[in-house]
1. Can you spot a residue in the stretch 338-356 that is buried (at least 18 other Cβ atoms within 10 Å of the Cβ), β-branched (Val, Ile, Thr) and out of contact with any helix residue (DSSP H, G or I) (no Cβ under 8 Å at 6 or more places or on another chain)?
2. Quick one: which residue in Val302, Val336 is modelled with pLDDT under 95 and not assigned by TED's automatic domain parsing to the domain that holds Asn195?
3. Identify, from the list Lys215, Lys142, the residue that is closer than 20 Å to Ala112 by Cα, in contact with a helix residue (DSSP H, G or I) (Cβ under 8 Å, 6 or more places away or on another chain) and surrounded by fewer than 21 Cβ atoms within 10 Å (Cβ to Cβ).
4. Please enumerate the residues belonging to the stretch 43-84 that are part of a loop (DSSP other than H, G, I, E, B) and either on the phi > 0 side of the Ramachandran plot or of a type in the set (Ser, Thr, Tyr) (or both).
5. Across the stretch 313-325, what is the total count of residues that are in a loop (DSSP other than H, G, I, E, B) and either touching a Pro at 6+ places or on another chain (Cβ under 8 Å) or surrounded by fewer than 11 Cβ atoms within 10 Å (Cβ to Cβ) (or both)?
6. Any residue in the stretch 174-183 that is out of contact with any Pro (no Cβ under 9 Å at 6 or more places or on another chain), hydrophobic (A, V, I, L, M, F, W, C) and surrounded by 14 or more Cβ atoms within 10 Å (Cβ to Cβ)?
7. Out of (1) in the same structural domain as Met214 (by TED's automatic domain parsing); (2) modelled with pLDDT of 95 or more; (3) surrounded by 18 or more Cβ atoms within 10 Å (Cβ to Cβ), the odd one out for Ile250 is which?
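The values are calculated or read from the model by the stated rules, or taken from the named source; none is laboratory data. The shown structure was predicted, so the numbers you read here are calculated from the model rather than taken from an experiment. Glycine gets a Cβ as well: all are built from the backbone with ideal geometry, and neighbour counts include every protein chain shown.
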Amino acid sequence: MKRVALIMAGGAGERFWPLSRRKKPKQLLKLVSTDKTMLEESVERISPLIDKQDVYVITSELLAPIMRDMLRDFPPENVIPEPYKRNTAPCLALGAAVLRAKYREEQDLSVAVLTADQHIYPSDAFVATVDEAMKYAESEGKILTIGIPPTRPETGYGYIELGEKVGGWQLIFDVLSFREKPTIEAATHYLSSGNFLWNSGMFFYKLSTFVGEMKQYLPEVGDKIDIMAERLAGSISKTAISFSNEIGEIFEKFPNISIDYGLMEKTPNVAVARALFNWDDVGAIDALRRTRSADASGNIAVGRASLPDTKNSIVINESERAVVSVLGMDGVAVVVTDDAVLVCPVEKVQQVRKSVEDVKNKFGEEYI
């Protein structure tokens, strides 16, 4: 069965402001690697299993030309622009429509849904996990997700409650339930029980399985997949395509709903693969504590920065003109670019969207 990949890369990454901007969100930043963006890392990571010509990136119309320019050796028509922002269920429905239009001669497809903003290592363990997840989805006709063994009582992630291990497979388990972002008390219980995994947001399925499940459990979106595929059939191979005219009127009416709420929590036809690899969501600036090495005082400094008598802090200076000195502080985050500065306690970095909204209201979108 032919394998293809859909990489979701339309997020704004506002919690990384001012590094992350509307035209340069976190998936286009070098937050983990010093020579590759997170999007480029995602494309490279799946390459042992899926040819680059069969990898598709779904993003916003604003970012599509930027990503095509960045991925120079990538088929330009494989960057798919969403006409409107409608969350992950409509996003993956659009991806399914594109695949049906593009691979009309294939009887069915095996699909890997990945994200462009996660830190995953080592690569060989990722490949082994994904390969087993795809083989199980191909043979059993189920929708798989990957679960990550938790390392801390994280309240910002969704969780998967494990059922029985599936016989004959190394990593596959039944799913008892999906749990939304928990309280710290619940997260602590999940960690200690050993029976819960973080929900990675990656999915694996046969295309026919996904379309059938969407039609059954989210028909207001699923019923439109075949219609979108027919509308796209004549333009799917165009370079630098824009789908606004073909499917905009359909997409605009879709509900703003995630694939977790819209499908995964409703269908019994799911399973989970327990990850062999290490994983981090890289959700906000404090994630750099887990992806970069700190100095003897617990500081992480990027760019021209001076930190006398400062500890447990994160200082990122991207300005080519300024130097940054942080004196006598404990647990602060300082981010400097040529046109914006963010200063906050490290424990507040998850709330940076408040700053983004306030700056936008006071000074305009040119700073966002």
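1. Within the stretch 338-356, none of the residues are buried (at least 18 other Cβ atoms within 10 Å of the Cβ), β-branched (Val, Ile, Thr) and out of contact with any helix residue (DSSP H, G or I) (no Cβ under 8 Å at 6 or more places or on another chain).
2. Working: Val336 fails: modelled with pLDDT under 95.
Answer to the selection: Val302.
3. Going through Lys215, Lys142 in turn, the sole match is Lys215.
4. Ser47, Tyr84
5. Summing the residues that are in a loop (DSSP other than H, G, I, E, B) and either touching a Pro at 6+ places or on another chain (Cβ under 8 Å) or surrounded by fewer than 11 Cβ atoms within 10 Å (Cβ to Cβ) (or both) in the stretch 313-325 gives 2.
6. There is at least one residue in the stretch 174-183 that is out of contact with any Pro (no Cβ under 9 Å at 6 or more places or on another chain), hydrophobic (A, V, I, L, M, F, W, C) and surrounded by 14 or more Cβ atoms within 10 Å (Cβ to Cβ).
7. (2)
Results for (1) outside the structural domain of Ala9 (by TED's automatic domain parsing); (2) without any contact (Cβ under 8 Å) to a residue 40 or more places away in the chain, shown as yes or no for each residue.
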{"site": "Asn269", "(1), (2)": "no, no"}
{"site": "Phe277", "(1), (2)": "no, no"}
{"site": "Gly298", "(1), (2)": "yes, yes"}
{"site": "Ser313", "(1), (2)": "yes, yes"}
{"site": "Val343", "(1), (2)": "yes, yes"}
{"site": "Arg353", "(1), (2)": "yes, no"}
